[in-house]
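Contents: one structure, followed by commentary.
The values are calculated or read from the model by the stated rules, or taken from the named source; none is laboratory data. This one's a predicted model, so the numbers in the text were calculated from it and none came from an experiment. As a convention, Cβ positions derive from the backbone with ideal geometry for all residues, glycine included, and neighbour counts pool all protein chains shown.
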Amino acid sequence: MKRLIRILTILRVMTMGFCALAEESTDMQDMTNGKTTESGTPNTEDAFRISEITDEIFERIQGKSFKDDCTLPREDLRYLHVLHVDLQGETHEGEMIVNYHIAEDVLDILRQLYEANYPIERIRLVDEYGADDELSMEDNNSSAFNFRFISHTTRVSKHGLGLAVDINTLYNPYTKTVDGERIVEPITGEPYLDREADFPYKIDHEDLCFRLFTEHGFEWGGDWEDRKDYQHFEIPNALIEEWYPSNK
């Protein structure tokens, strides 16, 4: 039954995606509030923007990524509106919520990726998946904020603080070996654990996504020794301790 519910949720997300694609294809100018350059291409200065969490946005995340026990103030979060291209070169609108400390950096990174035609399949709020990380990752969705505590602690995770970003998650899975058993998240990402293989959306040290995030001071989960999180970019602990000294 649980698997059936997950399948139905995925189908619902896919339907939403098809509807969004249809809307995007009808009028590219909607992405930039009707503003384009003389060549007819989207004006990235208008499409890439930051705002505080309005009541309308908060209604979408309350009880989902912004859970009832969320200790991070709403005022510490920022909403990003961006553009991105998929593997076929089609342009899409994207949404992401991050901590205000990194909002300008993430917006600049995503803008540069878009201008370089770097493929990102989806950038949707994790709330569209019921704040279910596994469902979001299986759909190759890129996201950031999703409040949670680190297991068995009162410390908020970096995603819970909005200080970590995951990109092209299906093709860049998380993996760790525990008591001889290999854990893979998402489970459908197991075919992409071979990082020597050639496949789309792969992040490695030669990748533009890796270079831009690390240039902006992020650390890459693909460099960790005890586990690998190829989709994951996060702010170093030293800065987080400075910004949130009580989160220990």
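Report, by residue number, each residue of the range 61-93 that is of a type in the set (Lys, Arg) and crowded, with 18+ Cβ neighbours inside 10 Å. Correct list: Arg78 only.
Candidates in the range 132-155 are the residues that are assigned to a loop (DSSP other than H, G, I, E, B) and among the small types (Gly, Ala, Ser); of these, the one that is farthest from Leu80 (Cα to Cα) is Ser151. A residue that is modelled with pLDDT under 95, polar (S, T, N, Q) and part of a loop (DSSP other than H, G, I, E, B) occurs nowhere in the range 3-20.
Within the range 206-217, residues that are without any contact (Cβ under 8 Å) to a residue 60 or more places away in the chain have Cβ atoms under 6 Å from residues that are of a type in the set (Val, Ile, Thr) and surrounded by 13 or more Cβ atoms within 10 Å (Cβ to Cβ) in these pairs: Phe210/Ile203, counting only partners at least 6 apart in sequence or on another chain. Among the residues of the range 182-198, those that are surrounded by 13 or more Cβ atoms within 10 Å (Cβ to Cβ), out of contact with any strand residue (DSSP E or B) (no Cβ under 8 Å at 6 or more places or on another chain) and in a loop (DSSP other than H, G, I, E, B) comprise Pro186, Arg195.
Scanning the range 212-238 for residues that are of a type in the set (D, E, K, R), farther than 15 Å from Glu104 by Cβ and outside any loop (DSSP other than H, G, I, E, B) yields Glu219, Asp223, Lys228, Asp229, Glu234. Of all residues in the range 156-181, those that are charged (D, E, K, R), assigned to a loop (DSSP other than H, G, I, E, B) and modelled with pLDDT under 95 total 1. Checked against the criterion of being acidic (Asp, Glu), under 24 Å from Gly162 (Cβ atoms) and either part of a helix (DSSP H, G or I) or modelled with pLDDT of 50 or more (or both), the candidates Glu24, Glu56 yield just one match: Glu56. Of all residues in the range 114-131, those that are at negative phi have Cβ atoms under 6 Å from Cβ atoms of residues that are assigned to a loop (DSSP other than H, G, I, E, B) and hydroxyl-bearing (Ser, Thr, Tyr), 6 or more apart or on another chain, in Val126/Ser65; Asp127/Ser65.
Here is a yes/no grid of residues against (1) over 21 Å from Ile109 (Cβ atoms); (2) out of contact with any Phe, Trp or Tyr (no Cβ under 6 Å at 6 or more places or on another chain):
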| position | (1), (2) |
| --- | --- |
| Asp127 | yes, yes |
| Ala131 | yes, yes |
| Asn140 | no, yes |
| Thr154 | yes, yes |
| Val165 | no, no |
| Thr169 | no, yes |
| Gly189 | yes, yes |
| Ala197 | yes, yes |
